[in-house]
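Below: the structure, in structure tokens.
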Amino acid sequence: METYLQLEGLTKSVGDRMLFADITFGINEGDKIGIIAKNGTGKSTLLDVIAGHTDADSGSIVWRGGLNVAYLEQDPKFPEGASTIEGALDSDSPEACAVKAYEQALATGDNEALSEASHRLDSLGAWDYEDRLRQLLTRLHLTEFDKPVNQLSGGQRKRLALAREIMREPDLIMLDEPTNHLDIEIIEWLENYLRRSRMAILMVTHDRYFLDRVCNRIIEIDRASAYTYDGNYDYYLRRRAERIEAMGAELAKVKNTLRKEQDWMSRQPQARAGKAKYRIDAYYDLKERSRMNLEERNIKLEGNSSYIGSKIFEARGICKAFGDKVILRDFNYTFARYDRMGIIGPNGVGKSTFVKLLQGLIAPDSGSWDIGTTVRFGYYSQQGIAFDDRKRVIDAVTEISEDIRLSIGESIAPMQYLQKFLFSVPDQQKYIHTLSGGERCRLHLATVLMRQPNFLILDEPTNDLDIVTLGILEEYLAGFKGCLIVISHDRYFLDNIVDHLLVMEGDGRLRDFPGNYSDYREAAAVAEATQPSQPKRDSTTAETTKEQSEATRRQGRQARLNFKERKEYEALEKELDALNAEKEQLEALFNSGEPDPDIDVHSRRYPELLAEIDEKEMRWLELDERS
């Protein structure tokens, strides 16, 4: 396998805080690597260093010459005043540059420039580049090509940036939180696309299903050091638990040895100059190693939800619309005690509006809520809250309460409370404007839970939260004694927390599904498989169909797959699985170092196999864009 880049001894600090030290690893062709770490420990900074957007303190990065690299940043940037299609073309790829030069020549009427741009498009085979780009944008539900980028939502901007980077057809793509602000349908499409692509991938994400299904290597940054696990997320969890257990055993051994050496050092200190220098140095090394803190691994959120009565609340004939866009249409529902509801649906369908209606933050057009007298809402909003950036973390909590109640007769100070949200004592003295996005989310969550709500509403709580915090939050919610509503695109989170789903399908249509997200997907797959095929169109509709097809092509979209193409699409998936399995077996054989009597046969088969995978993947992607 070809090496794309090699990191050697990479070190980066911010002020007196070390983010990572002496990190060394390589990225090879076909690698799909996920980076995992707590918020604020340098995941995004590491990607920025590799991309050349910021400098490391020391170390080196060696790239393979001519490597085509794409980088999806967490907060993508676009040219000021650009339209959606212009934003997607904002790329330094040869194809995008050729298309922009051609369109500029057309606009100015410069025949010489037009001829030159045409020749450039010919040589690159890029005449269909913009058509393919429009097809991809449509697949990502971006169909208003002339809409200004500054009018797009956060999720739409992320999808636009994703299309821009995919169209580069890179050898290596770096992704910083690629699933943030995407709805589940797009996440599953992206997951499938990346899993089958031959691109090498280096990504930071907290989406655990995404990591498990896409990655073949996990790199964890912990206490400024990097630990590599050759496997997916499930494999990482098992091996990491073993590592933490081994670290605990080693720490206990170090502390036991330190006690003995402490006695030795304490004896006759006036004669210390005569003691063996190597043993004195070893003592100080032991003392430093004994300071390792593993306590955060056992942190649990604690809080006391206030009593909630048997009457929660009832929705009666709730209707809400904004112009022609209907959010709810005669919605009726009785919330039960300890209800645990997940809300899913495409972006823009009105999920956040629904929970704001429920709390009275937005008034319905008609209908009413009958809310129980004991209900106390706790609302974690997607937009966060307006902290005073000039204040410190500890101030945000002490302004609410100097004494935080955990249970009857038990309370703790704000400093202790913040430690349960992974804010160390030094971190609590940070000014809020210096916090990362994930740290602000943790602080927001802390201020919500400290008010002792008995009805929690969490709107996209997993955006920007790291995996460690997500695990702690899931454990807390599993024991939460109250009602819970969760809006989330995190399938793993939904599977662990909710017992039924409210599926918002658009135009005011809602469906209550009994089960978690995996149950829902399984039921949807069965329903799709058993759905009768559409009847054939008769000749009376032929002219209309032709006009519709032409209109569709003008929008840059292709017709849906016919029966034959659908069968080909399904067959390609199975063939690609088999070919990729064969590729992994050959690579394992080549890397094993074991003698191979058929090495000539295998060596000839490997490039043939790559070419076959490449050909079938291109056809699969073509069909997938139209499915």
When restricted to 559, 578, the only residue open to solvent by less than 70 Å² (accessible area, probe 1.4 Å) and either modelled with pLDDT of 75 or more or in a helix (DSSP H, G or I) (or both) is 578
If you go through the stretch 18-36 one residue at a time, do you hit one that is part of a strand (DSSP E or B), touching a Pro at 6+ places or on another chain (Cβ under 9 Å) and closer than 30 Å to residue 585 by Cβ?
no
If a residue counts only when it is buried (at least 18 other Cβ atoms within 10 Å of the Cβ), which strands (runs of 3 or more DSSP E) contained entirely in the stretch 165-249 have at least 3 such residues?
172-176, 200-204, 217-222
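Going residue by residue through the stretch 54-77, is there one that turns out to be more than 26 Å from residue 202 (Cβ to Cβ) and buried (at least 16 other Cβ atoms within 10 Å of the Cβ)?
no
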I'd like to verify a number: residues in the stretch 82-95 that are under 14 Å from residue 168 (Cα atoms) and in contact with a Phe, Trp or Tyr (Cβ under 7 Å, 6 or more places away or on another chain), how many?
3
When you check residue 571 against the structure, is it open to solvent by less than 80 Å² (accessible area, probe 1.4 Å), part of a loop (DSSP other than H, G, I, E, B) and either farther than 30 Å from residue 180 by Cβ or modelled with pLDDT under 90 (or both), yes or no?
no
Residue check for residue 113: out of contact with any Cys (no Cβ under 9 Å at 6 or more places or on another chain) and at pLDDT 90 or above
no
Residue 627 is checked against (1) under 27 Å from the mean Cα position of the chain (by Cα); (2) polar (S, T, N, Q); (3) at pLDDT 80 or above and fails just one. What number does that condition carry?
(3)
For residue 40, are the conditions met, namely being surrounded by 21 or more Cβ atoms within 10 Å (Cβ to Cβ) and assigned to a loop (DSSP other than H, G, I, E, B)?
yes
Failed item in (1) under 30 Å from residue 134 (Cβ atoms); (2) at pLDDT below 90; (3) out of contact with any helix residue (DSSP H, G or I) (no Cβ under 7 Å at 6 or more places or on another chain); (4) hydrophobic (A, V, I, L, M, F, W, C), with residue 14 passing the rest
(1)
Looking at (1) touching a helix residue (DSSP H, G or I) at 6+ places or on another chain (Cβ under 8 Å); (2) open to solvent by 10 Å² or more (accessible area, probe 1.4 Å), which is the only condition residue 403 fails?
(1)
Restricting to the stretch 116-129, what's the tally of residues that are among the small types (Gly, Ala, Ser) and either touching a Cys at 6+ places or on another chain (Cβ under 7 Å) or not in a loop (DSSP other than H, G, I, E, B) (or both)?
3
For the stretch 75-110 the number of residues that are basic (Lys, Arg) and modelled with pLDDT of 90 or more is 1
Which one is farthest from the chain's Cα centre (by Cα) among residues in the stretch 407-458 that are charged (D, E, K, R) and surrounded by fewer than 23 Cβ atoms within 10 Å (Cβ to Cβ)?
410
Kindly indicate the residue of the stretch 426-438 that is in contact with a Lys or Arg (Cβ under 7 Å, 6 or more places away or on another chain) and assigned to a loop (DSSP other than H, G, I, E, B) and also nearest to residue 75 (Cα to Cα) among those meeting that condition.
430
Pick from the stretch 476-505, criterion among the charged types (D, E, K, R) and under 20 Å from the mean Cα position of the chain (by Cα), ranking: most open to solvent (accessible area, probe 1.4 Å)
495
Do we have any residue at all in the stretch 94-115 that's charged (D, E, K, R), over 23 Å from residue 142 (Cα atoms), assigned to a helix (DSSP H, G or I) and open to solvent by 10 Å² or more (accessible area, probe 1.4 Å)?
yes
Taking the stated definitions as given, is residue 470 closer than 24 Å to residue 181 by Cβ, modelled with pLDDT of 90 or more and either of a type in the set (Phe, Trp, Tyr) or open to solvent by less than 10 Å² (accessible area, probe 1.4 Å) (or both)?
no
Six or more apart or on different chains, Cβ atoms under 9 Å: show the pairs whose first residue is in the stretch 405-425 and of a type in the set (Lys, Arg) and part of a loop (DSSP other than H, G, I, E, B) and whose second is at pLDDT 85 or above and surrounded by 13 or more Cβ atoms within 10 Å (Cβ to Cβ).
420/412; 420/446
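Of the residues 387, 335, which is modelled with pLDDT under 90, closer than 30 Å to residue 179 by Cβ and out of contact with any Cys (no Cβ under 9 Å at 6 or more places or on another chain)?
387
The values are calculated or read from the model by the stated rules, or taken from the named source; none is laboratory data. Here the structure is a predicted model, which is why all the values come from computation and not from measurement. In this analysis, Cβ positions are derived from the backbone assuming ideal geometry, glycine residues included, and neighbour counts consider all displayed protein chains. Surface areas here come from the heavy atoms of the whole protein model, side chains and all, with no ligands, DNA or RNA. Shrake-Rupley method; radii C 1.70, N 1.55, O 1.52, S 1.80 Å.
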